[in-house]
1. Going Cα to Cα from LYS57, which aspartates and glutamates come in below 19 Å? Please leave out same-chain ones fewer than 8 positions away.
2. Nearest 0.05, what FRET efficiency do SER70 and SER251 give at R0 = 45 Å with Cβ-Cβ as r?
3. Pick from CYS11, CYS240, CYS108 the residue whose mean-square fluctuation is largest in a GNM of the chain, springs joining Cα atoms under 10 Å.
4. If each of GLU226 and SER28 carries a label point 7 Å out from its Cα toward its Cβ, how far apart are those two points in nm?
5. Run down the lysines and flag those whose C-alpha is under 20 Å from the C-alpha of LYS162, throwing out any fewer than 8 positions away in its chain.
6. Can you check what the Kirkwood hydrodynamic radius comes to for the range 59-156, Cα pairs only, in Å to one decimal?
7. Of SER168, ILE250, GLY126, which is farthest towards the positive pole of the chain's charge dipole, taken about the Cα centre with +1 and -1 on the beta-carbons of Lys, Arg and Asp, Glu respectively?
8. Under 5 Å between amide hydrogens, which residues at least 5 positions from LEU193 or on another chain qualify, with H placed 1.01 Å from N in the peptide plane?
Amino acid sequence: MALVVICGQPCSGKSTAAKCLSEALNESECKQTVRIIDETLFHLDRNQSYANMPAEKNLRGVLRSEVDRSVSRDNIIIVDSLNSIKGYRYELWCLARAAGIRYCVLYCDVEEAECRKWNEERREKGEAAYNDAIFEDLVRRFEKPDRRNRWDSPLYELWPHKDGVEKSSDAIADVVSYLTKRVDSKSRDVKILQPTIATQNMRFSEANSLYELDRATQEVINAIVEAQSQATGGPLGGICIGQGLPSIDISRSVGLPELRRLRRTFIKLTGQTSLSGRPPPSDADSAKRMFVDYLNRELGTSA
């Protein structure tokens, strides 16, 4: 039903805000399941995760993939992480748009000096804290959300150092109201993102095309192997794989290793084509038709 992106400087109270928001939603009339996605969910150490750019990129990829698997119209997902890069917030916004759900950003606005102080206090208590070099790097690269950006809107601001963080905090109460408000024809202050043709095609291709392609090509291979076994070395006519589909015309016996090699090559070529041109086949018959055409070309020239 919704995706909430919490962002802020390191040690700015984001996890506390996420917990308070989750509790406030559970105590409201919200019927959806509320789930927090953060680094601790994957047992990731904050210093190792931000030690270098490849590690940080991997962290964002892990979190983004989990968000992509989790967003739906039946739950509310809270992403508790730095979310400090505006390009990354845009990617999360795209996931919400593709799912057709509500989206908002909760920003924990704390001065750098206070964040630095809280980080040092955590370290002194033996709690999870950032190394000084990593902390300074993250502070320097933080990109503050801007409500004028669609991926940062609607934006709710929380001031943990000045006002503290409670379930009753104004910003958290506003987020709960936004996420739980009933939408009808008169609603103007609640925006539900609408998937575009591009995002719908992308999600359909990723979710279904590879599965259909894998299954369909395997069925074609099975049909060839079965036909050859029944022919017992005799001549093969056209191998029919289904009504309305082209027949497989091969004039020689083709071993299973060669068939598997051709299948792997076809799947690889189809994936490369989908990146640069037409989309991959989205149903079994289309995949079979393309694979049969490919086999007829390859086996015809090698016969």
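1. In chain and number order, the partners are ASP38, GLU39, ASP45, GLU66, ASP68, ASP80, GLU91, GLU136, ASP137, GLU143.
2. Given R0 = 45 Å and the Cβ-Cβ separation, E is 0.30.
3. Maximum among the listed residues: CYS240.
4. With each label point 7 Å from Cα toward Cβ, the separation is 5.5 nm.
5. LYS14, LYS19, LYS117, LYS144
6. 15.0 Å
7. Working it through, the farthest residue towards the positive pole turns out to be ILE250.
8. ILE101, ARG102, TYR103
The values are calculated or read from the model by the stated rules, or taken from the named source; none is laboratory data. In this text, all values refer to a predicted model and were calculated from it rather than measured experimentally. Note: ideal-geometry Cβ built from the backbone for every residue, glycine included; neighbour counts use all protein chains shown. For accessibility, only protein heavy atoms count, side chains too; no ligands or nucleic acids. Shrake-Rupley method; radii C 1.70, N 1.55, O 1.52, S 1.80 Å.
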